[in-house]
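FYI, it's all coordinate maths here, none of it is from the lab. All figures in this text were calculated on a predicted structure; none of them were measured in a lab. Here Cβ is always computed from backbone atoms with ideal geometry, including for glycine, and neighbour counts include all displayed protein chains.
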Ligand SMILES: NC(=O)c1ccc[n+]([C@@H]2O[C@H](COP(=O)([O-])OP(=O)(O)OC[C@H]3O[C@@H](n4cnc5c(N)ncnc54)[C@H](OP(=O)(O)O)[C@@H]3O)[C@@H](O)[C@H]2O)c1
């Protein structure tokens, strides 16, 4: 099993960095990124189709994990073409290459494919209707992979944070050191999800699919799965929980989305149901607050 090649695209992002560590026991990892050459990795720029094809054809992986994406939600409103190239076109090229090699493609997507009018967790069957360019571009990527078919898993996740990268946890911790008061949006509801748990769940899925003990047919499992921490909260409550751990916690005040205008519209409610993932793979992530506690504890390790 360990001679299986796993191509990991985007090894320096929040999820990719954790994946690089979590999938090590599962095969021979080849990491690829747009600055790959500087890090002794393969060069792959998702905005450069030839680089995608060259790396996949050269490596001939058994599994491709695409953790790279254009994730700057507000900038995407201006850089529409680039967002669509990276999030919409590139996944389709990966799916074509993957299908030629009969490779399993694991790709990540987002809650921002939903409009946010639900009052109960979105399932994989619920209608999509992204509010902004980022969500729309990620949806195009999902649809491109689905149209090509083959062996694929699209894992939609939400509100990703971790110990590195650009994320809400690190921003709140930084601001808590500088300010006495923080104003945070309280009318967007979702599930913060620790990047390490996304990576660990992905590794568990791969281990199951390639285990000699597992008899399911990968073909029948291809599809979209929601993969998030359990429970729900809003950014204001999430911020309060984060800064409560700081030396001198600032006051946190709730504001509305209307008080904090941003270029991209976000869904007011984007909690995802993880029932399909639990039923298919027996994997359930902990509640968001438990996961945050574990993540903050990881600083001490
Ligand atoms: N962040 C969230 O809150 C969130 C929420 C829901 C879903 N997701 C999805 O989860 C997945 C992982 O997100 P993340 O938070 O880990 O992202 P991230 O931390 O922003 O990392 C994205 C990675 O993509 C790479 N990348 C960007 N453009 C590229 C290009 N043209 N060619 C090659 N690599 C490129 C970046 O490379 P560099 O290191 O060179 O910059 C970076 O390492 C993505 O599919 C994202 O859409 C994220």
Next item on the list: Among the residues of segment 26-40, write down those that are within 12 Å of the ligand (Cβ to nearest atom) and surrounded by fewer than 20 Cβ atoms within 10 Å (Cβ to Cβ).
Entry: 34, 35, 37, 38, 39
Check: Given the conditions (1) surrounded by fewer than 20 Cβ atoms within 10 Å (Cβ to Cβ); (2) in contact (Cβ under 8 Å) with a residue 24 or more places away in the chain; (3) part of a helix (DSSP H, G or I), and given that residue 100 satisfies all but one, which numbered condition is not satisfied?
Finding: (2)
Notebook entry, point to check: Among the residues of segment 119-138, is there at least one that is in contact with a strand residue (DSSP E or B) (Cβ under 8 Å, 6 or more places away or on another chain), within 14 Å of the ligand (Cβ to nearest atom), assigned to a strand (DSSP E or B) and under 19 Å from residue 64 (Cα atoms)?
Noted result: no
Next item on the list: Exactly one condition in (1) part of a helix (DSSP H, G or I); (2) touching a strand residue (DSSP E or B) at 6+ places or on another chain (Cβ under 7 Å); (3) more than 19 Å from residue 19 (Cα to Cα); (4) within 14 Å of the ligand (Cβ to nearest atom) is not met by residue 91; state its number.
Entry: (3)
Note to self: When the residues of segment 65-84 are narrowed to those that are outside any loop (DSSP other than H, G, I, E, B) and under 20 Å from residue 143 (Cβ atoms), which ends up farthest from the ligand (Cβ to nearest atom)?
What the structure shows: 80
Item checked: Count of residues meeting criterion [in a helix (DSSP H, G or I), touching a residue at least 60 places away in the same chain (Cβ under 8 Å) and within 21 Å of residue 150 (Cβ to Cβ)] in segment 219-241 -> 2
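For (1) under 20 Å from the mean Cα position of the chain (by Cα); (2) in contact (Cβ under 8 Å) with a residue 12 or more places away in the chain; (3) within 12 Å of the ligand (Cβ to nearest atom); (4) on the phi < 0 side of the Ramachandran plot, each residue gets a yes or a no:
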residue: 44; (1), (2), (3), (4): yes, yes, yes, yes
residue: 54; (1), (2), (3), (4): no, no, no, yes
residue: 57; (1), (2), (3), (4): no, yes, no, yes
residue: 63; (1), (2), (3), (4): yes, yes, no, yes
residue: 86; (1), (2), (3), (4): yes, yes, yes, yes
residue: 95; (1), (2), (3), (4): yes, yes, no, yes
